[in-house]
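The structure appears right after this line, and notes come after that.
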């Protein structure tokens with residue numbers, strides 16, 4: 001509880017670096033501005049949940065339109081510092097489309113551009129290095145259907161073997177092949193990944209994946225024999241929950257999450 005309060009207090013401090021960037025509100029389309037605000041909120045929510053890894057890992061969002069541009073974090077800002085205007089707009093070759101004082105993480109470009117290029121529904125992509133997520137990614141059996149959160153998503157998870165830091169553009173083809181039509185991926189020995197048609201959808205999928213990983217780590221750490229659900233129950237649960245991640249859960253939870261951010265620090269909307 002104290003750790004959460006400390007994080008909230010830290011987030012309440014305005015970041016002079018991000019705030020020094022002029023606001024883009026009114027200078028970009030209304031559609032892009034809303035996307036920027038949602039993506040900045042996603043970064044802040046990841047930090048609030050303790051899922052960030054200093055300035056590392058990445059969340060991206062595709063800007064609607066034929067240009068295939070997308071937004072990604074300014075490399076060098078903590079997730080709790082990111083604002084709508086500080087997000088960097090790049091093309092599929094990793095080039096900055098608009099001037100920004102911040103660089104882009106090349107590994108982030110490799111992973112995210114692969115999925116943005118090849119999945120029409122990959123409007124938002126979240127990649128994390130959480131302790132529990134990496135722990136489960138390093139387990140041979142991956143995510144186990146031993147709790148309700150896991151059962152809702154285990155049929156929608158793909159796996160990709162670790163090939164080193166994602167700097168090799170050749171890896172993009174293998175990432176695309178391995179993810180297939182799934183919306184979640186365990187990057188073996190590396191971390192977790194979620195994609196969705198919107199920032200809310202991607203965030204809710206990641207929330208369930210990260211919660212399931214934490215529950216698995218704790219259940220296995222307890223040392224007691226695991227209680228496996230009856231045959232057919234994981235499949236039934238997946239069917240019950242599968243449709244909820246394409247808009248329903250996001251529509252219900254996202255406004256409440258934004259209200260929480262607004263109470264803590266509304267500067268993400270700058």
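General remarks:
- Nearest 10 degrees, 0 to 90: helix 30-48 Cα axis against the chain principal axis: 50
- Estimated distance in nm for a label pair at residue 248 and residue 56, the labels positioned 7 Å out from Cα along Cα-to-Cβ: 3.8
- Burial ordering of 75, 268, fewest other beta-carbon atoms within 10 Å first: 75, 268
- On Cα atoms only, tilt of 248-264 relative to the major axis of the chain in degrees: 50
- Neighbour counting of Cβ atoms within 10 Å sorts the residues 147, 99, 121, fewest neighbours leading, into 99, 121, 147.
- Legend: ranking of residues 233, 217 from fewest to most surrounding C-beta atoms inside 10 Å; resulting order 233, 217.
- Taking label positions 7 Å along the Cα-Cβ direction at both residue 220 and residue 176, the computed distance is 3.2 nm, reported to one decimal.
- Estimated D of the chain in µm² per second, where Rh is the Kirkwood radius over Cα pairs and Stokes-Einstein applies at 10 °C, 1.306 mPa s: 84
- Shape call, region 144-270: gyration tensor on alpha carbons, a/c limit 1.5: oblate
- DSSP bridge orientation in the chain - percent antiparallel, rounded to nearest 5: 85
- Relative contact order, percent, the chain [alpha-carbon distance under 8 Å, six or more residues apart]: 22
- Cα gyration tensor category, rounded, prolate or oblate, for region 215-257 with a/c compared to 1.5: oblate
- Considering only alpha-carbon pairs that sit under 8 angstrom and 6 or more positions apart, the relative contact order computed for region 151-208 is 33 percent.
- Pairs of Cα atoms nearer than 8 Å and 6+ residues apart set the relative contact order; for region 39-115 it is 27 percent.
- Once the Cα atoms are used to define both axes, helix 106-118 deviates from the longest principal axis of the chain by about 80 degrees.
- Take the Cα of residue 34, step 7 Å toward its Cβ, do the same at residue 161, and the gap between the two points is 4.4 nm.
We did not get these values from a lab; they are worked out from the coordinates using the rules stated. Predicted model, so just to flag it, every value in this text is computed and none were measured. Because the Cβ atoms are built from the backbone with ideal geometry, glycine has one as well, and the counts that use them run over all protein chains shown.
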